[in-house]
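Structure first, then comments.
None of the figures in this text is laboratory data; all of them are computed from the coordinates on show. Treat the numbers as computed from the prediction; the structure is a model and nothing was measured. Cβ atoms come from the backbone with ideal geometry, glycine included; neighbour counts cover every protein chain shown.
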Amino acid sequence: MYAYDEIDRTLVNERVSEFRDQVQRRLSGELTEDEFKSLRLMNGVYLQLHAYMLRVAIPYGTLSSPQLRKLAHVARRYDRGYGHFTTRQNIQYNWIKLSELPDALEDLAAVGIHGMQTSGNCIRNITTDQWAGVAPGEIEDPRIWAEILRQYSTLHPEFSFLPRKFKIAITASDHDRAAIKIHDIGLRIRKNEQGETGFEVLVGGGLGRTPFIGKTIKQFVVHRDILSYVEAILRVYNQYGRRDNIYKARIKILVHELGIEKFAQEVEDEWLQMRDGVLALDDAVVEDIRSRFSYPAYQKLSDNPDEMKAASADPRFAMWLGNSVAPHRVTGYSIVTLSLKPVGMPPGDATAEQMDAIADLADKYSSGEIRVGHEQNLALPNVAKRDLPALWRALDKIGVATPNVNLITDIIACPGLDYCSLANARSIPIAQELTKRFADPDLANMIGKLHINISGCINACGHHHVGHIGILGVEKNNEEFYQITIGGRADEQAEMGTLIGPAVPYADVADVVEDIVEAYLALRARPDETFVETVKRLGVTPFKERVYATR
Amino acid sequence: MTSPLQQKIKITGASIVTANRTGDGVVIYRTADKSWSSRIADASVVHNADEARALLSEAVADDVGAIGAYIAPVEVIEGKIEPGNLREHIRSEGLTIELLPVPA
Ligand code: HEM
Ligand code: SF4
């Protein structure tokens, strides 16, 4: 866990009282909506179809149990008893009253969380691997760097009005769980030939209307230089990024238009002038931040305790163990993913009761720590293997032990037309129908790893471009239609999916997915050739033929 | 931001003006008595661009009470006002999805 200091607490508290005053003035008519809009957005308050929505940042996806309890409290007290975990390590509340928002934010501030920089054209909440600090083989804990960047970017005057929003993601593992290639800046922590640790820097990734995979702009930047290098990128973007057209304003467009070499040269020129200035990172500063991350006092424990041996006879436990439990860097411990994808329910939602229960279980079994991943699931990062059977029973009771992590029912979906004012079509009911079709865990296991991602419009909040199967809602003559892509992926081999053909109506989407899956099962070379591998090997044609033969 | 009144108003049939209530975001409809109601049944229905513009300008003038007023299509079936598209159905009737059970 990270211990926030007095500066953070003061800043967050001051912001809440400022916002309370602004809301008062808005409600009394002193501020018009035009004047107020940018103020509310600066605090993560949007207007959706039915109500205001509050977006709260969960920096680098790490929550303490008191923080999670506070999120539960806000859901219960000010909302309708639930919250929605998003693909950006945020939580969204969908039904909060403007008049009660200052109270909700004040309650959150008590545990150091807030909605700042979850909206607007600033550097947004910096995201990372939800297994940071505990994944085996990780080079170092990427959250240290996320925290350094968070402090650097919080209320940064020069970068509070960029041409457009700016998203940074960091990973320190070979397997990218943070989707760094689809971010404005992606940082991959690696070692160079001399054994020094630093960053490979990627730039210009993004989804939305014009999707791009990020390109490597520099193979290696040492620790000391990472802030100055990031700042050089931001300066070039701030200067040349387009402000005349919102659809062309993201850095990906600038990188694309200039070409990566030219863009890299601009950044290099800027950087060389400032790399030895105030942003050069002192080891002492880094060590201070590192020291504020605490890790549990791990014990020497058995990797195959008796409790596990006994429980493994239960096939339900065994299935969950095989699916949702991952190796930890410390022997005798595991990382446990909590599926927020129960059959028939909205992906990523959790009730206040579930959040409270998970906070209690984190205290009991995971050193009081909870993680939030971009796949809209939670994780407990520090579970002793001997506790797995007891933990499983408790998780199962509250409905977060569906053994479907990384399987076809582990669907990413944006709020879509049920909530979102920008939507063309619904996302959640499509996800719900698909989870029912593939509810049988044996079937889902037989299909194997398969990510379905759904967005309700081209903004791509549901990451549809990089879904193994991507589903994008469009509108045709007032009806909901969906474009289907296959072969996308968000990991270290990130790729955009390929469209298989004309959009299909709402009622056909689940059938089309079934057709695609049946085609895959018939075409795969071996049972362990994954869906994306089969698509890569054969291209989209056989899938297309299967889907459109009868349509 | 351009005011909705500066945009060209084109309506193809029966229409209403809707917005969200400032204090709590609840969906509201402009009524004939220059007020707001949370029930679509109370909405004032207009049939041409001039009427629509007049209703919208009244609505927009109430910046304290309502946010984001706009013209939305409806169908009037045997005197009953029905939302004219899926978006408005969802705004008027609520979510189309099943939610996790939450204790009352
Ligand atoms: C009121 C609700 C929301 C609004 C108004 C909204 C708005 C937008 C817009 C306008 C974009 C396109 C940005 C661009 O292409 O420049 C976008 C992208 C994105 N949003 Fe949202 N969004 C909402 C909810 C969400 C939710 C619930 C999530 C997470 C589940 C999310 C995560 C993302 C992501 C991952 C992207 C694409 C990545 C990128 O920036 O290229 N958003 N959003
Ligand atoms: S993808 Fe579109 S519909 Fe979905 S949340 Fe984003 S803006 Fe809304």
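A few comments on the model shown:
- Helix runs (DSSP H) in chain A reaching 18 Å along axis by Cα, Kyte-Doolittle at least 1.0: A:509-523
- DSSP-defined beta bridges in the range A:412-548 - what % are antiparallel, rounded to 5: 70 percent
- Dipole of the range A:412-548, positive direction: furthest Cα of A:THR498, A:VAL517, A:LEU443, with charges on the beta-carbon: A:THR498
- GNM top mover of B:ALA61, B:ALA49, B:ALA14 - chain B, alpha-carbon springs below 10 Å: B:ALA61
- Anisotropy class assigned to the protein assembly as shown is rounded, per the alpha carbon gyration tensor with a/c under the 1.5 cut-off.
- Listed residue pairs exceeding 31 Å between alpha carbons, taken from A:LYS218/A:LYS536; B:LYS34/B:LYS80; A:LYS385/A:LYS536; A:LYS181/A:LYS364; A:LYS37/A:LYS436: A:LYS385/A:LYS536; A:LYS181/A:LYS364; A:LYS37/A:LYS436
- Here the relative contact order of chain A, from alpha carbon pairs under 8 Å that lie six or more residues apart, stands at 13 percent.
- Restricting the GluC sites (Glu not before Pro) of the range A:174-248 to loop positions (DSSP other than H, G, I, E, B) with no more than 13 neighbouring Cβ atoms within 10 Å leaves A:GLU193, A:GLU196.
- Compactness of the range A:412-548 is given as radius of gyration and Dmax, 14.1, 44 Å, from Cα positions.
- Cysteines, the protein assembly as shown, no other Cys beta-carbon under 4.7 Å: A:CYS122, A:CYS420, A:CYS457
- The Cα atoms of the range A:306-397 cover 36, 27, 22 Å along the three principal axes, with the biggest extent listed first.
- Over 22 Å [Cα-Cα, the range A:142-290], rounded percent: 36 percent
- Neighbouring Cβ atoms from other chains, within 10 Å of the Cβ of residues in B:84-97, number 5 on average.
- Bridges between two residues of chain A, per DSSP, are antiparallel at a rate of about 80%.
- Between the residues A:ILE358, A:GLY344, A:SER334, the greatest Cα displacement towards the positive end of the dipole of the range A:306-397, with unit charges on the Cβ of Lys, Arg, Asp and Glu, is found for A:SER334.
- Debye-formula intensities of the range A:460-538, expressed as log10 I(q)/I(0) at q = 0.19, 0.27 Å⁻¹, are -0.82, -1.30 (one equal scatterer per alpha-carbon, no solvent).
- Summarising the amide proton neighbourhood of B:TRP36: residues at separation of 5 or more, or on other chains, whose placed amide H is nearer than 5 Å comprise B:THR31.
- For chain A, calculated [θ]222 nm from helices alone, where every DSSP H run of n ≥ 4 adds -39500 (n - 2.57): -11000 deg cm²/dmol
- Debye, to nearest 20: dipole size of the protein assembly as shown, +1 on Lys, Arg Cβ, -1 on Asp, Glu Cβ: 580 debye
- Acute angle (nearest 10 degrees) that the helix B:49-61 long axis makes with the longest principal axis of chain B, alpha-carbon atoms: 60 degrees
- Descending by average beta-carbon neighbour count within 10 Å, the peptides A:210-217, A:153-160, A:325-332 line up as A:210-217, A:325-332, A:153-160, the highest first.
- Here the convex hull built on the C-alpha positions of chain B has a volume of 135 cubic angstrom per residue.
- Shielding score for B:23-30, defined as the mean number of other chain Cβ atoms within 10 Å: 5
- Of the peptides A:3-10, A:116-123, A:256-263, the ranking by mean beta-carbon count within 10 Å, highest at the top, reads A:116-123, A:256-263, A:3-10.
- For the range A:6-109, the ratio of Cα radius of gyration to the globular rule of thumb 2.2 N^0.38 Å stands at 1.05.
- Note on A:474-487: average number of Cβ atoms from other chains within 10 Å of each residue's Cβ is 1.
- In order along the range A:456-464, the Karplus-derived 3J(HN,Hα) couplings, from 6.51 cos²θ - 1.76 cosθ + 1.60 at θ = phi - 60°, round to x, 6, 5, 4, 6, 4, x, 6, 4 Hz, and Gly and Pro are given as x.
- The sum of -39500 (n - 2.57) across all DSSP H runs of n ≥ 4, divided by the residue count of chain B, sets its helix-only mean residue ellipticity at 222 nm to -6000 deg cm²/dmol.
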